[in-house]
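In what follows, a structure is listed as structure tokens, so that the remarks can point back to it.
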Amino acid sequence: MDMSPEEFTSSIPLSSGCQIISCDASGLMAINKKAGRASHPNKVPRASAKPPIIRADYNYEGEYYSWRDSGGGKRRLYLLNRLDSPTSGVVLAAFDPECARAAKEAFKNRLVRKVYCAICVGKVVPKFGTWTDNLAFVKGANCVRAVPSFLPGKKAVANYEVEGFDDNGAGLSLLRLEPITGLTHQLRVQCARRSVPILGDATYGNFSFNKKMKLASKLNRLFLHCAETELELEFLGKKIHFKAEAPLPDSFSSLMRYNANIAKLFMSR
């Protein structure tokens, strides 16, 4: 590489609302993705689609973004994992292709730890524990939907802990979720299966409650956030430990703390 990590990160054409939160000399970096941004563009462009985390060309086979810096140099950034468009938080990438391969091996071998925060509709009890479910996956026209299944499927395991309840009488729980497995929509389905869907979930959620909260709070998003990602990998004969943390968005505290509009909505309950 002909530039320092700092110079490389400054050349990345990030979309608004997305920031570099950590960068390592090995080539690893973490981006704090804004809710509503895609990890990469759709293969079939949609007129209504919002820009992805980086405003650059994306190679689907190589799984990397490419662009030219201000000096005309060709740059690549390899995407290591993805978050659903509605989910905010940590997305990992690498500017060194060999480092990217080593990191993907770490993901494959489950040497990666992730922690999410979610606001759920309902009081979650007990306050901590482990959820285990069997999930099946149904392909739709434009998406894959996960559903609980009594037939052989894929095992979904996640640890959870209640961080607190809202101050407005809305019956919201702030959860810390640590998936042990990494299945599509896993956390969203596991919460919904226990009748505590994630607030703002347009696929598995409580749609009438979502609508009420959107009107009262003026906030419109899925309240799921990847707060931490940590991994270990071997690269150039060395063991590398990398950890990135993305602070909880202000929208979370806006709902959990006292909010006169929200409190008024639930006063008569």
What's the number of the only condition in (1) at pLDDT below 95; (2) in contact with a Phe, Trp or Tyr (Cβ under 6 Å, 6 or more places away or on another chain) that PRO97 fails to meet? (2)
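May I ask you to verify whether PRO5 is surrounded by 14 or more Cβ atoms within 10 Å (Cβ to Cβ) and touching a Cys at 6+ places or on another chain (Cβ under 6 Å)? Please lay out each step first, then the result.
Working: surrounded by 14 or more Cβ atoms within 10 Å (Cβ to Cβ): yes; touching a Cys at 6+ places or on another chain (Cβ under 6 Å): yes.
Yes, satisfied.
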Residue, least open to solvent (accessible area, probe 1.4 Å), within the stretch 189-206, restricted to residues that are over 17 Å from VAL138 (Cα atoms) and of a type in the set (S, T, N, Q): ASN206
Please enumerate the residues belonging to the stretch 98-123 that are of a type in the set (Lys, Arg), in contact (Cβ under 8 Å) with a residue 24 or more places away in the chain and in a helix (DSSP H, G or I). LYS104
Provide a single number: the residues in the stretch 4-42 that are hydrophobic (A, V, I, L, M, F, W, C), at pLDDT below 90 and out of contact with any helix residue (DSSP H, G or I) (no Cβ under 8 Å at 6 or more places or on another chain). 1
Return the only residue of GLU245, GLU230 being closer than 17 Å to ALA158 by Cβ, within 17 Å of the chain's Cα centre (by Cα), charged (D, E, K, R) and surrounded by fewer than 18 Cβ atoms within 10 Å (Cβ to Cβ). GLU230
Which pairs have Cβ atoms under 7 Å, sit 6 or more apart or on different chains, and link a residue in the stretch 235-247 that is of a type in the set (Ser, Thr, Tyr) to one that is open to solvent by less than 80 Å² (accessible area, probe 1.4 Å)? none
Got at least one residue in the stretch 59-78 being buried (at least 18 other Cβ atoms within 10 Å of the Cβ) and part of a loop (DSSP other than H, G, I, E, B)? no
I need the full set of residues from the stretch 152-178 which are touching a helix residue (DSSP H, G or I) at 6+ places or on another chain (Cβ under 8 Å), buried (at least 20 other Cβ atoms within 10 Å of the Cβ) and not in a loop (DSSP other than H, G, I, E, B), in order please. ALA156, ALA158, LEU172, LEU174, LEU175, LEU177
Between a first residue in the stretch 197-216 that is closer than 18 Å to LEU174 by Cβ and polar (S, T, N, Q) and a second residue that is buried (at least 17 other Cβ atoms within 10 Å of the Cβ) and at pLDDT 95 or above, which pairs have beta carbons less than 7 Å apart while being 6 or more apart in sequence or on different chains? ASN206/VAL121; ASN206/PRO197; ASN210/LEU199; ASN210/GLY200
Looking at the stretch 203-269, what helices (runs of 4 or more DSSP H) fall wholly within it and have at least 1 residues that are in contact with a strand residue (DSSP E or B) (Cβ under 6 Å, 6 or more places away or on another chain)? 207-217, 250-256
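Is it true that PRO51 is within 22 Å of GLY89 (Cβ to Cβ) and in contact with a Phe, Trp or Tyr (Cβ under 7 Å, 6 or more places away or on another chain)? Break it down into steps so the answer makes sense when it comes.
Details: within 22 Å of GLY89 (Cβ to Cβ): yes; in contact with a Phe, Trp or Tyr (Cβ under 7 Å, 6 or more places away or on another chain): no.
It is false that PRO51 is within 22 Å of GLY89 (Cβ to Cβ) and in contact with a Phe, Trp or Tyr (Cβ under 7 Å, 6 or more places away or on another chain).
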Every residue from the stretch 13-40 that is part of a loop (DSSP other than H, G, I, E, B), closer than 19 Å to GLU228 by Cβ and without any contact (Cβ under 8 Å) to a residue 40 or more places away in the chain: CYS18
Report yes if ARG82 is in contact with a Lys or Arg (Cβ under 7 Å, 6 or more places away or on another chain) and closer than 23 Å to GLU230 by Cβ, otherwise no. no
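The values are calculated or read from the model by the stated rules, or taken from the named source; none is laboratory data. Note that the coordinates shown come from a computational prediction; the quantities given were computed from them, not determined experimentally. Neighbour counts run over all protein chains shown; Cβ positions are idealised from the backbone, glycine included. Areas reflect the complete protein model, heavy atoms only, side chains present, ligands, DNA and RNA absent. Shrake-Rupley method; radii C 1.70, N 1.55, O 1.52, S 1.80 Å.
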